[in-house]
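The structure under discussion is supplied below as structure tokens; questions concerning it will follow.
The values are calculated or read from the model by the stated rules, or taken from the named source; none is laboratory data. Being a predicted model, the structure only gives us computed values, none of them experimental. So basically every Cβ, Gly included, is an ideal-geometry build from the backbone, and we count neighbours across all protein chains shown.
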């Protein structure tokens, strides 16, 4: 009998295990991951950015966790000798109609207490000589890291504190018992008093296994990247972002210098026909059917049809992808780019067609479900894990874990 069992070995599950072990040294803690390595899906395929929190509405969970999480993650990397760099980033307006949006973003950064400054086009070029724009803002607290390394350290620390972490263990069924939950897996049966669902792309399905109806369904969006050839990496010094579309929870195609020195360009955002589908041809009938039979998807598609078509066209046409990059760095050419890995984002979608753009964490009897942990979840992983560890034992099982208003707040998010 375990005191806590966590499903999912991504960055949130591993941080939760580590923080539970810190807070309750005598507790028996189990973590189950179906893959053969940690951080195999969302965490291991993201851009490696330590976000500042500039994009998030002041007072939101995302803004709070990101601001605090950025500081604690950087400190964690320093303490454990993990590769990281606080390099800063620029966000630039390339068209006149983007200037008011850039100013709004600047004001939001100030409201979130971030080190942000307005910079002219000439000042942008002092930082990023190859960028052409009308104006920009500079955020000095943004950084880069290898999140697989971070996850490996979380796992090592959790194991050192006595947690039982198991790879290659797929959850097949959950059964309520008088003491909590029974967990049937391909490697046998486990029992726990309290269950924590950090299953990412499968989080809504794990929620269903506890006979709890999640308030949103996971819709997978694939983000496709290109990489600059080594001889062209000099074109990007730090991180370069466009002004994002405020009506869409994606940041637009941008340039990211990775911690290994490579430079990635992307991602776009296209519907994936498989929850763990990293290639254009990947298809799973169950996953596809889940999407097309969900009323919320069609409401979303109708609202954002133009944007969706542009993203699909850019996915199919390298020339269009390159053109979007040339808005930032005009001298980029098609031959400068080679395809690299893709990632899949677990986007929670309400039946109303509204995207859940904040953290969505729901309690059922003797269980907690992380139903939506969007970016900046990796940046904020220490704070999220610490909060879950602090709230779980005292939680009232009929309420959302952070506040009773959390579900309502998310239902109104766009």
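Quick one: is residue 174 without any contact (Cβ under 8 Å) to a residue 60 or more places away in the chain, assigned by TED's automatic domain parsing to the domain that holds residue 30, buried (at least 21 other Cβ atoms within 10 Å of the Cβ) and assigned to a strand (DSSP E or B)?
Details: without any contact (Cβ under 8 Å) to a residue 60 or more places away in the chain: yes; assigned by TED's automatic domain parsing to the domain that holds residue 30: yes; buried (at least 21 other Cβ atoms within 10 Å of the Cβ): yes; assigned to a strand (DSSP E or B): yes.
Spelling it out, residue 174 is indeed without any contact (Cβ under 8 Å) to a residue 60 or more places away in the chain, assigned by TED's automatic domain parsing to the domain that holds residue 30, buried (at least 21 other Cβ atoms within 10 Å of the Cβ) and assigned to a strand (DSSP E or B).
Can I ask one more? Inspect all residues belonging to the stretch 281-290 and state whether any of them is buried (at least 18 other Cβ atoms within 10 Å of the Cβ), assigned by TED's automatic domain parsing to the domain that holds residue 125 and farther than 26 Å from residue 105 by Cβ. If you could, list the steps in order and put the result at the bottom.
From the stretch 281-290, those buried (at least 18 other Cβ atoms within 10 Å of the Cβ) are 287, 290; that's our starting set.
Then keep just the ones that are assigned by TED's automatic domain parsing to the domain that holds residue 125; that gives 287, 290.
If we keep only those that are farther than 26 Å from residue 105 by Cβ as well, we get 287, 290.
Within the stretch 281-290, one or more residues are buried (at least 18 other Cβ atoms within 10 Å of the Cβ), assigned by TED's automatic domain parsing to the domain that holds residue 125 and farther than 26 Å from residue 105 by Cβ.
Shifting gears a bit: Identify the residue in the stretch 105-133 that is in a helix (DSSP H, G or I) and in contact (Cβ under 8 Å) with a residue 60 or more places away in the chain and, among all such residues, is farthest from residue 63 (Cα to Cα). Can you show your working first?
Going through the stretch 105-133, the residues in a helix (DSSP H, G or I) turn out to be 105-111, 121-127.
Still in the running and in contact (Cβ under 8 Å) with a residue 60 or more places away in the chain: 105, 127.
On the way: 105: 13, 127: 26 Å.
It comes out as 127.
Here are the criteria: (1) at pLDDT 95 or above; (2) closer than 30 Å to residue 167 by Cα; (3) in contact with a strand residue (DSSP E or B) (Cβ under 6 Å, 6 or more places away or on another chain). Tell me which single one residue 106 does not satisfy.
(2)
Would you pick out the residues in the stretch 298-312 that are surrounded by fewer than 15 Cβ atoms within 10 Å (Cβ to Cβ) and either more than 23 Å from residue 279 (Cβ to Cβ) or over 24 Å from the mean Cα position of the chain (by Cα) (or both)?
Once the filter is applied, which keeps residues that are surrounded by fewer than 15 Cβ atoms within 10 Å (Cβ to Cβ) and either more than 23 Å from residue 279 (Cβ to Cβ) or over 24 Å from the mean Cα position of the chain (by Cα) (or both), the stretch 298-312 yields 298, 302, 305, 306.
Does residue 185 satisfy the criteria of being under 26 Å from residue 276 (Cβ atoms) and surrounded by fewer than 22 Cβ atoms within 10 Å (Cβ to Cβ)? Outline the logic, then answer.
Values: under 26 Å from residue 276 (Cβ atoms): yes; surrounded by fewer than 22 Cβ atoms within 10 Å (Cβ to Cβ): yes.
When the stated conditions are applied, residue 185 passes them.
Report whether or not residue 25 is in contact with a helix residue (DSSP H, G or I) (Cβ under 6 Å, 6 or more places away or on another chain), surrounded by fewer than 18 Cβ atoms within 10 Å (Cβ to Cβ) and assigned to a loop (DSSP other than H, G, I, E, B).
So residue 25 does not fit the description; no.
Only one of (1) surrounded by 15 or more Cβ atoms within 10 Å (Cβ to Cβ); (2) touching a helix residue (DSSP H, G or I) at 6+ places or on another chain (Cβ under 7 Å); (3) in the same structural domain as residue 362 (by TED's automatic domain parsing) is not met by residue 139, so which one is it?
If we test residue 139 against (1) surrounded by 15 or more Cβ atoms within 10 Å (Cβ to Cβ); (2) touching a helix residue (DSSP H, G or I) at 6+ places or on another chain (Cβ under 7 Å); (3) in the same structural domain as residue 362 (by TED's automatic domain parsing), just (3) comes out false.
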